[in-house]
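One structure below.
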Amino acid sequence: MTKETIQKAESAVIRLPQARSFGVIGDPGCDGLGTYNMKVYAGALEETSGDDFTLIAGDLVPTGTRHYYEMINGMTEIVAGNPVYVLRGNHDTGAYQDYYGLPNYALLLAEGLALIVLDNAGRRFEAEGLALLPKVLAMDEVKQAVIAFHIPVPNHFIPNSVSEEEYAQLKGAFLPWKDKVKCLACGHVHSRFVDEIDGIPLVCTGGGGAFIEDVSQEIQACDVNHHVVHFYLEKGCVAWRFQELEEGCYGRERSDSILKEKLEETVKAELMAHLKYLTFADRARRRGMDKIGTLFEALAASEYYHARNFYSVLAKPSAFSESLDGFIRTESFEHEKFYRIMAEYGREHRAPLSMQAYEAAAAAEQVHEKLLSQAKDMIAFGQEEIHVCPICGHVLYGKEIPDRCPVCGGPARQFKTFS
């Protein structure tokens, strides 16, 4: 019988005497279990598979129904390469204990290291956890400890934390053995930071699948990537390091040639359906059938999201900050070479529609390249209004636009403005 990867905490103290390291993945599922989010989570599981075990620092699922637990468990059992323990987050409601056992427990590792998992998903530390904490810290065999919980304690970076009164209860429980407490670890915040609370490091990680967010003036989403945290013993002392996840993390499907081919075909089919439905929606609206237009716009959006999900399985993009260079090269190639060659081919072969479409697209791609070059300084990028001609796709920017599209002559009143 295959041993299950997900570990159910059935006793308050669990001994893992050979374990010397563990990975922590924060908040994989609270934004939903969509393909993109789960690709990050799968990459996080692969990254921590080299540790002796993995701890999910809460919010494994968007809400605690059996449906979502079964979904995330199925993914975890397939991908994870080591045992996985779970810490309860505020989204992990309902059937949590049926799948993961006690919400308060301690893992006793090698060289006197203890990982003490406490439930504060309700923004308060449970009585069972506050009783377990001093019991474990008082053990002679425990020389150092990491205390893990979901919602941060009060800190210098964010207000999204438990109250000072709740932290006082936690502190009161560990204070007699404070010298053993080497780190506090938490999730909940879809970002990352390290602080110091009463002389103890606080490591906050929420980069295991949920979308990275702006959480304060000091911690912006543009400065943080998806990541995990590795905890390990170094010369007998507990240490940790953040490990960023590449944009192309997890590539199992890409390595299957048949599946890769079919995924590529599916992306093309979904995008074609997206385009067909948008075109039909436009036709319907021009005939005054707004409700039909709305229906097909909604269906087109659904097909786009399908395509995005399939594409995310295949994609291995550059790091976010480096992606613009690749986009600029593509736009340059299109308008300087490929589209102009194809426009000339259309002219020579008496194919006027293809010639016109390529010429119009080349003009737009030239503007794309210019805008993308400006956007390389993402913080300073200041174009507030960008206008797109719905007839030919030409792009203009700035407050003033001409009465007619300079490429196809479409009226300005039909331009779509992005601001």
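Points worth noting:
- Of the residues 114, 185, 95, the one that moves most in a GNM of the chain with alpha-carbon contacts below 10 Å is 95.
- When only the Cβ of Lys, Arg, Asp and Glu is charged (+1, +1, -1, -1), the dipole of the stretch 187-308 relative to its Cα centre reaches about 880 debye.
- Here the scattering of the stretch 246-356 is modelled by Debye summation over its C-alpha atoms, one equal scatterer each and no solvent; at q = 0.10, 0.21, 0.24 Å⁻¹ the log10 of I(q)/I(0) is -0.50, -1.06, -1.08.
- Projected area averaged over orientations for the stretch 62-131, convex hull of C-alpha atoms, nm²: 5.6
- Across the stretch 267-284, computed HN-Hα scalar couplings (Karplus, 6.51 cos²θ - 1.76 cosθ + 1.60, θ = phi - 60°) run 4, 4, 5, 5, 5, 5, 5, 4, 5, 4, 5, 5, 4, 5, 4, 5, 4, 5 Hz from first to last residue, x flagging Gly and Pro.
- Percent carbon-and-sulfur accessible area, the stretch 87-129, ignoring ligands, DNA and RNA, probe 1.4 Å: 46
- Peptides 131-143, 36-48 ordered by packing proxy, namely the average of other Cβ atoms within 10 Å per residue, highest first: 36-48, 131-143.
- Here the mean projected area of the convex hull built on the C-alpha positions of the chain is 25.8 nm².
- Straight-line cross-link reach from residue 376 at under 25 Å between alpha-carbon atoms covers these lysines, not counting any fewer than eight positions away in the same chain: 316, 337, 399, 416.
- Evaluating 6.51 cos²θ - 1.76 cosθ + 1.60 at θ = phi - 60° for every residue in the stretch 185-199, the Karplus couplings come out as 10, 8, x, 6, 8, 7, 6, 7, 6, 10, 10, 10, 10, 6, x Hz, glycine and proline recorded as x.
- Length-normalised contact order for the chain - Cα pairs under 8 Å, 6+ apart - percent: 12
- Longest to shortest principal axis, alpha-carbon extents of the stretch 164-273, angstrom: 64, 36, 22
- Cα-based Rg and Dmax for the stretch 61-215, where Dmax is the largest Cα-Cα distance (Å): 15.6, 43
- Orphan Cys of the chain, criterion: no other Cys C-beta under 4.7 Å: 30, 183, 186, 204, 222, 237, 249
- For the stretch 1-149, the solvent-accessible area works out to 37 Å² per residue, with a probe of 1.4 Å and every protein chain left in place.
- Rolling a 1.4 Å probe over the protein heavy atoms of the stretch 264-345, with every protein chain left in place, gives an accessible area that is 60 percent carbon and sulfur.
The values are calculated or read from the model by the stated rules, or taken from the named source; none is laboratory data. Every value quoted in this text rests on a predicted model; they were computed, and no experiment measured them. A quick note on method: Cβ atoms are made from the backbone with ideal geometry, for glycine too, and the neighbour counts reach across all protein chains shown. Accessible surface is based on the protein model in full, side chains and every heavy atom, while ligands, DNA and RNA are left aside. Shrake-Rupley method; radii C 1.70, N 1.55, O 1.52, S 1.80 Å.
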